[in-house]
Amino acid sequence: MNHETAGDPMTGLKWTRRTTDKIAEALKDIGIDVSPKTVAKLLKGMGFSLRVNHKKKAMRSAADRDEQFAHIAEMRELYAKRGWPIVSVDTKKKELIGNFKNPGSAWDRAPRLVNDHDFRSDAIGIGIPYGIYDVQKNRGSLFLGTTHDTPCFAVDNLAKWWSYDGRRL
C-alpha cells in the first residue's frame, strides 16, 4: 500500500490509488480472504478518505469556439425581429408500448392490471416522443415515432411541424 497511498500533508487526508476490489484481490493473493466492503471499513478506520473526481480542470479551447454561439445568437435576433419562428427541439423520454405501469391515474371502478415488470422484450414497441417548441408563439408540438432517435427522425419531425403549424403561423 505504501506506493499506492497519496495524501495532503496540510490536512492529514490520505487516500489510495487502488480500488477496494483490487486491494481485496491483493490480500487474497497473500492468503487473507476479505471482501471489498470490509476493505472499505478498514481503510476508513485507518484514516483514509473516499475521494471522487471533480470536474474543475479547464481544458484548452479552440480560438473560434464561441463563433458558433455568436452566429446562433445573431440568427435568433434576426428571426425575432422579423417574427419568424425560433424553435427548440428535443427528444423526450422513450416509453415502452404495452401493458405497463405508468405514473398517471384515472377515475375507474377497479385498477387496471398491468405487467409486474417492465421488460423491453415484452413491449409491442417503443414510443419516442419528440417535442418542438416555438419560442416566439409560446406554442409546443409533440410528435411520436416508433423507429430510432436519429438525425433523420429529427428532420422528419421538423418537416411535419412545418407542414402542420410552422408554415401557417
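Where a number appears in this text, it was derived from the coordinates with a stated rule and is not lab data. Predicted model only: the values in this text are computed from it and were never measured. Backbone-built Cβ (ideal geometry, glycine too); neighbour counts: all protein chains shown.
Each stretch of four or more DSSP H residues adds -39500 (n - 2.57); spread over every residue of the chain, this sum gives -8500 deg cm²/dmol at 222 nm. Per-residue extension of 0.36 nm, minus the Cα-Cα distance of LYS37 and LEU142, leaves a gain of 33.1 nm for this segment. Taking the fewest neighbouring Cβ atoms within 10 Å as the starting point, the ordered list for ARG76, ARG82 is ARG82, ARG76.
Taking a Cβ cut-off of under 15 Å around TYR133, the surrounding Lys, Arg, Asp and Glu residues balance to a net charge of +2, with basic ones at +1 and acidic ones at -1.
Remark: spin-label model distance ALA73-HIS117 equals 5.2 nm, labels positioned 7 Å along the Cα→Cβ axis.
Each label point was placed 7 Å from the Cα along the Cα-to-Cβ direction; for GLU95 and ALA110 their separation is 2.5 nm.
The spacing between the stretch 33-79 and the stretch 90-105, judged by their C-alpha centroids, is 31 Å. Here, the stretch 2-45 is characterised by an Rg to Rh ratio of 1.03, where Rg is the alpha-carbon radius of gyration and Rh the Kirkwood radius.
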